[in-house]
Amino acid sequence: VLGPDHPDTLASRGNLAVAYVNAGRMTEALPLLERTLTDRERVLGPDHPDTRNTRDNLAAAQQWSGE
């Protein structure tokens, strides 16, 4: 109903990605975080707090996965 670019949809996608990280499912988490970051940068801008949070989550997930 909200669409793929709605901030609430982006938040849900980011939350799912973090859940994947917490479950050790990095193969699913990393691409989802990358896609969410790209979309948040486009929709919200690079300096929005939600965009920065996703960037931090992606960096942490990459570090934990050894990438």
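The values are calculated or read from the model by the stated rules, or taken from the named source; none is laboratory data. Given the structure is predicted, the values throughout are model-derived calculations rather than measurements. Cβ sites come from the backbone with ideal geometry, for glycine too, and all protein chains shown count toward neighbours. Keep in mind that these areas ignore ligands, DNA and RNA; they rest on the heavy atoms of the full protein, side chains included. Shrake-Rupley method; radii C 1.70, N 1.55, O 1.52, S 1.80 Å.
Points to keep in mind about this one:
- Solvent exposure of the chain, expressed per residue, is 62 Å² of accessible area, with all protein chains present and a 1.4 angstrom probe.
- A simple spin-label model places the labels of D8 and N53 1.6 nm from each other, with each point 7 Å out along Cα-to-Cβ.
- Whole-percent carbon and sulfur share, accessible surface of segment 7-67, 1.4 Å: 48
- Checking [x] 26, 19, 12; [y] 40, 20, 9; [z] 20, 13, 8 against the coordinates, the calculated semi-axes √(5λ) of the Cα gyration tensor in Å falls under label [z].
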